[in-house]
Amino acid sequence: MLAKISPKPLSGTVPAISSKSMAHRIIIAAALANGVTRVACDTTCADIDATIRCLTAIGAKIDPIDGGFEIHPVLKSLEHGILRALAGATLDCGESGSTLRFMLPVACALGADATFVGSPRLGERPIAPLTDELMAAGCTFQGAAGLPLRTSGRMRAGRFELPGNVSSQYISGLLLAAPLLDGDTQIAVTGEIESRPYIGLTLAVLNAFGVKVGIEEGATPGGLPLTVFTIERQGFRTPGAIAVEGDWSNAAFWLSAGALGRHSVTVRGVTPSSIQGDRAISAALMLFGAKGQRNARAATVRPDNIHGIELDVRDIPDLVPALAAVAACAEGTTRFTGCSRLRIKECDRLEAIATELGKLGANVRVDGDALVIEGRDQLDGGRVNSRNDHRIAMMAAIAAVRCASPVEIEGAEAVNKSYPLFFEHYRLLGGDVELIDK
Ligand SMILES: O=C(O)C1=C[C@@H](OP(=O)(O)O)[C@@H](O)[C@H](O)C1
Ligand SMILES: C=C(OP(=O)(O)O)C(=O)O
């Protein structure tokens, strides 16, 4: 699909969609719980659907209800031996890194012999630090590098060791699986943990399902930071009903459009007290010089003179595309440091930001693990390629606000990964988008 956008400032209010990161965790915990859970989740997307599909493949029953889902857990099926009958299940993770990295340890902890499949790009994203640990715990994997990946054997409890700087999703996956194991589990993470707020999300969801996790911070004999999570065998207790929060990671695109345009933009349904790390978008936009306000239910950003900043993005990788569009139009130089993990997302997002924003006339370069952007008052416009990455498509769409001529986005359907309503909401804010099926 080609999206043709005529430059126009966006303004007004848009509703937040449901947080994809929260939804993955809540739906998985509910599927492992001791009873039925009603999950309030207004919107879904390809990635959330992938997690639902995988849980259904191993015996959960997930029924859509008004405003969300009713989840009948896998473990009820287990009691009836259904899981054994499902040996040989296929878990299709689509494009979703979170689904693969969370469901792989969960399936191994349940002892489900399963085949994981997914998109070619998902098969290229690193998984070895996780599979190595699962193999050391008694699981076997068949399949060449990447996907499909066939698991067998049940994972044993014990000590797992992971690096802190590849993907926090490995740690979240092991945390979700650990309560199911026969014994005590320690997850030792060496080095500074990047994307750390996402682990906070996992711990919050575990807590909501009654799972207790001990955390100890220390150092390795070599002086590196060492974080050890300790989890005993325990059940997931359903809270009965639970709501998925509004999504800050995608709200970031609208708030950034507010900073780039001529009028204020409000996202209704995001909470400033959220534990989603990407709520940091508000503070980052203020750092650029934009103005804004937040209340318990909404965030607003209005434009002002924006100038370049220095920002370490290790904990907020998903905000970088939106922030890069802002930096492209901020006076002076912006330097985002700690960008290395952007190379292993839906595409090499670091290179894609530089190349695709560059096609619109922005002055962006990659400098090692940093992204350096010299701002211009106005961009030119032009044709970009989403690289099948939702956040690259959304970045180009909001950059159009400051372009002199139209922006065309090839592969615009990539937004479906996290935000199928994106272009509808773009129009809600007054944007002029034509979508052409190709
Ligand atoms: O746990 C999560 O929900 C996520 C963690 C982050 O990945 P990394 O930990 O690999 O950086 C983030 O980029 C991803 O979109 C979602
Ligand atoms: C990287 C992302 O997701 P995942 O890792 O779950 O594919 C994302 O949503 O930007």
For this session: Would you kindly state how much longer the chain becomes between GLU331 and ALA296 on full extension, computed as 0.36 nm times their sequence separation minus their alpha carbon distance, in nm to one decimal?
Result: 9.4 nm
Problem set entry | On Cα atoms only, tilt of 20-31 relative to the major axis of the chain in degrees | 20 degrees
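Anything over 21 Å Cα to Cα? Flag those among LYS20/LYS345; LYS20/LYS417; LYS61/LYS345; LYS8/LYS359, in the order listed. Show your work: numbers first, answer last.
Details: LYS20/LYS345 15 Å; LYS20/LYS417 10 Å; LYS61/LYS345 30 Å; LYS8/LYS359 19 Å.
Violating the 21 Å Cα-Cα cut-off are LYS61/LYS345.
Given the C-alpha atoms of the chain, compute the convex hull and give its volume per residue in Å³. Numbers along the way, then the final one.
Details: hull volume 57.9 nm³, N = 438.
Expressed per residue, the convex hull around the Cα atoms of the chain is 132 Å³.
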For this session: Jot down the radius of gyration and Dmax of the stretch 211-299, Cα atoms only, both in angstrom.
Result: 18.8, 55
Problem set entry | the chain: angle of helix 46-57 to the longest principal axis, Cα-based, in degrees nearest 10 | 10 degrees
For this session: Can you figure out the FRET efficiency of GLU434 with ASN207, using R₀ = 60 Å and their beta-carbon distance, to the nearest 0.05?
Result: 0.85
Exercise. Which distance in nm do the two modelled labels at ASP42 and GLU424 give, with both placed 7 Å along the Cα-to-Cβ direction?
Worked result: 1.2 nm
Exercise. Using only Cα atoms, what Kirkwood radius does the stretch 279-347 have, in angstroms?
Worked result: 12.7 Å
Seminar exercise, completed: Expressed to two decimals, the stretch 20-243 has a Cα Rg over Rh, using the Kirkwood radius, of 0.94
Exercise. What is the distance, in nm, between label points placed 7 Å from the Cα along the Cα-to-Cβ direction at THR56 and at ALA87?
Worked result: 2.5 nm
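At a Förster radius of 56 Å, what calculated FRET efficiency corresponds to the Cβ-Cβ distance of THR355 and GLU70, to the nearest 0.05? Can you show the working numbers first?
Numbers: r = 44 Å, r/R0 = 0.79.
Using R0 = 56 Å, I get an efficiency of 0.80.
Ratio of the stretch 374-422's C-alpha Rg to 2.2 N^0.38 Å, to two decimals? Write out the running numbers ahead of the final one.
Numbers: Rg = 11.1 Å, N = 49, 2.2 N^0.38 = 9.7 Å.
Against the empirical 2.2 N^0.38 Å value, I get 1.15 for the stretch 374-422.
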Problem set entry | 18 Å Cα-Cα reach of LYS4 towards aspartates and glutamates, excluding residues that sit fewer than 8 places from it in its own chain | GLU356, ASP380, ASP389, GLU408, GLU410, GLU413, GLU424, ASP432, GLU434, ASP437
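So for the stretch 89-132, considering every pair of alpha-carbon atoms, how many percent are separated by more than 17 Å? Intermediate results must be reported in sequence, preceding the final value.
Values: 232 of 946 pairs.
Looking at the stretch 89-132, the distances longer than 17 Å represent 25 percent of pairs.
Return the FRET efficiency for the residue pair ARG343, ILE275: r is the Cβ-Cβ distance, R0 is 25 Å, and the value is rounded to the nearest 0.05. Don't skip to the end; give the middle numbers.
Numbers: r = 27 Å, r/R0 = 1.06.
Once the sixth-power term is evaluated, E becomes 0.40.
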For this session: Could you give log10 I(q)/I(0) at q = 0.15, 0.19, 0.20 Å⁻¹ for the stretch 295-399, computed by the Debye formula over C-alpha point scatterers of equal weight, without solvent?
Result: -0.57, -0.90, -0.99
Seminar exercise, completed: Per-residue Cβ contact counts at 10 Å, fewest first, order PHE229, PHE160 as PHE229, PHE160
Exercise. Using modelled backbone amide H atoms (1.01 Å from N, in-plane), which distant-in-sequence or interchain residues come within less than 5 Å of THR238's amide H?
Worked result: ASN34, GLY35
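A short reminder: the numbers here are calculations on the coordinates, not readings from a lab. None of these values were measured; they are calculated from a predicted model. No Cβ is skipped: glycine too gets one built from the backbone with ideal geometry, and neighbour counts run over all protein chains shown.
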